[in-house]
Amino acid sequence: MKEFRYEALPMRVTFGAGSLKTLPEEVRALGLRRVLVLATPFQEDLAWTISRQLGELSAGVHAEAEMHVPIESAHRARDAARAADADGYVAVGGGSTTGLGKAIALEFGAPIIAVPTTYAGSEMTPIWGLTADGEKKTGRDPRVLPASVIYDPELTLTLPVGMSVTSGFNAIAHAVEALYAPDGSPVISLMAEEGARAMLNALPKIVKNPAHGEARSDALYGAWLCGATLGATTMSLHHKLCHILGGTFNLPHAETHTVVLPYALNYNAGHAPDAIAALQRATGVQNPARHLRELGVDLGGPHSLRELGLTDDDIDRVIELATHHPYANPRPLTATGLRGLLTAALNGDALPSP
Ligand code: NAD
């Protein structure tokens with residue numbers, strides 16, 4: 001018998017090729033006068049194009065977003081927002097830029113309009129992250145949830161193939177863990193299964209032809225659904241491990257998700273029958289963990305954590321950090337079990353056949 005609680009997150013989503021043109025209308029609809037456009041240095045040109053499109057609604061551009069939101073970067077952005085007299089923010093880019101918008105909103109509470117250009121999904125969550133003294137802290141706060149999200153697949157055409165694959169796996173990881181989350185619900189499971197299916201079907205087409213408009217649209221649609229499942233649930237072992245590997249060992253975010261996901265799913269598979277059934281439907285195969293591993297490698301993703309910079313000597317510390325604070329996971333966490341998982345991911349070992 002089912003038992004669940006589901007809380008819908010309040011935000012508006014606009015989706016479609018060319019939908020960036022609705023941004024000025026969206027700024028006005030939120031009652032904003034002057035929005036600061038945020039981006040990474042790499043996407044500064046795009047930020048200025050958007051600023052020009054906004055005309056007098058733009059308070060300028062702050063193109064200094066960095067991965068994992070260093071606290072100094074958050075302080076500079078807050079100063080820039082204050083100096084520009086901004087009453088809202090447009091975060092155009094991936095999770096790093098959305099994260100910077102969240103760091104400002106955490107302090108000032110002003111609304112964010114997110115314009116995602118990767119599949120990371122941060123725009124759909126009330127989760128913020130800040131890094132200080134080499135440690136990344138995260139938390140949930142409704143003030144950092146974007147008020148509006150504009151998904152324009154045309155902005156993802158420039159996302160390099162390698163990043164499209166790893167960012168896509170980052171999205172699928174949200175869906176996988178939402179399917180066995182302690183606070184999952186039927187509507188979240190539907191979104192997770194559909195999101196994973198859309199992304200899994202789109203990625204091979206994007207690898208073949210990065211300008212495939214329909215595949216880009218399907219991938220971003222999948223990213224939206226997967227991101228929404230991340231925003232609505234508590235994550236388990238997979239996200240915990242990736243958080244440790246990124247925060248403490250500085251491994252790259254999306255690539256780490258790509259390597260770890262099949263091993264984390266394999267670890268939990270015997271304890272999450274409904275999740276496995278949903279992923280079997282989404283993938284069309286018996287062993288979704290093995291399929292994810294093979295697909296990631298076939299599409300040119302990284303093979304192993306060693307390749308990303310982890311060493312044998314690091315394993316003990318990862319286990320220590322992963323078992324330090326107990327958290328929900330379908331299969332109980334044991335040092336021996338984790339060592340098996342991490343050693344296989346470190347070496348990129350093949351997963352067993354079904
Ligand atoms: P990213 O935002 O760091 O982007 C990586 C690089 O790709 C940047 O230089 C960016 O400018 C560039 N880029 C982005 N879109 C592009 C495009 N369409 N074309 C060309 N270049 C493009 O990478 P990410 O994986 O999206 O985000 C990772 C960060 O997001 C991590 O810090 C992670 O912790 C965080 N994150 C947070 C949440 C959350 O809910 N809080 C969820 C997912 C990820």
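The values are calculated or read from the model by the stated rules, or taken from the named source; none is laboratory data. Here the structure is a predicted model, which means the values were calculated and not measured. For the accessible areas, the whole protein counts, side chains as well, though only heavy atoms, and no ligand, DNA or RNA atoms are used. Shrake-Rupley method; radii C 1.70, N 1.55, O 1.52, S 1.80 Å.
Which of the lysines could a cross-linker span from Lys136 if the Cα-Cα distance has to be under 23 Å and same-chain partners fewer than 8 positions apart are dropped?
Answer for Lys136, where 23 Å is the Cα cut-off: Lys102, Lys240, listed by chain and number.
Please turn the phi angles of segment 232-247 into ³J(HN,Hα) values with the Karplus equation 6.51 cos²θ - 1.76 cosθ + 1.60 (θ = phi - 60°), one per residue in order, whole Hz, x for glycine and proline.
So the Karplus estimates, Gly and Pro as x, are 9, 9, 8, 7, 10, 3, 4, 5, 4, 4, 5, 4, 5, 5, x, x Hz.
Would you please classify the overall shape of the chain from the alpha carbon gyration tensor, given that a ≥ b ≥ c denote the square roots of the eigenvalues, rounded means a/c under 1.5, and beyond that prolate means a/b larger than b/c while oblate covers the rest?
Verdict is prolate for the chain.
Please list, in order along segment 337-345, the HN-Hα scalar couplings obtained from phi with the Karplus expression 6.51 cos²θ - 1.76 cosθ + 1.60 (θ = phi - 60°), rounded to whole Hz, x for Gly and Pro.
With the stated coefficients, segment 337-345 comes to x, 5, 4, x, 4, 5, 5, 5, 5 Hz.
Search the structure for amide H atoms under 5 Å from the amide H of Gly93, placed 1.01 Å from N in the peptide plane, and list their residues when 5 or more places away or on another chain.
Long-range HN contacts for Gly93: Val115, Thr117.
What's the carbon and sulfur percent of the chain's accessible surface, probe 1.4 angstrom, rounded to a whole number?
53
For Phe15, which sequence-distant residues (separation of 5 or more, or a different chain) have an amide H within less than 5 Å of its own amide H, given hydrogens modelled in the peptide plane?
Long-range HN contacts for Phe15: Tyr151.
With every protein chain kept in place and ligands, DNA and RNA left out, what is the accessible area per residue of segment 65-202? Probe 1.4 Å, answer in Å².
32
Indicate the gyration tensor shape class of segment 161-347 (rounded, prolate or oblate), computed on the Cα atoms with a ≥ b ≥ c the square roots of the eigenvalues: a/c under 1.5 is rounded; otherwise a/b larger than b/c is prolate and the rest oblate.
Note, shape of segment 161-347 comes out oblate.
Over the chain, with a Gaussian network built from C-alpha contacts below 10 Å, which listed residue (Pro116, Pro252, Pro146) shows the highest mean-square fluctuation?
Among Pro116, Pro252, Pro146, the largest GNM mean-square fluctuation belongs to Pro252.
Through the Karplus equation 6.51 cos²θ - 1.76 cosθ + 1.60, θ set to phi - 60°, convert the phi angles of segment 100-109 into ³J(HN,Hα) values in whole Hz; use x for Gly and Pro.
With coefficients 6.51, -1.76 and 1.60, one gets 5, x, 5, 5, 6, 4, 4, 8, 9, x Hz.
In terms of the Cα gyration tensor, with a ≥ b ≥ c the square roots of its eigenvalues, is segment 147-251 rounded because a/c is under 1.5, prolate because a/b exceeds b/c, or oblate?
Judged from the Cα gyration tensor, segment 147-251 comes out oblate (a/c at least 1.5, b/c at or above a/b).
Using alpha carbons only, how many angstrom separate the centre of segment 89-112 from the centre of segment 12-48?
If you average the Cα positions of each part, the centres end up 12 Å apart.
Check the straight Cα-Cα distances from Lys208 and name the lysines below 30 Å, setting aside those fewer than 8 residues away within the same chain.
Lys21
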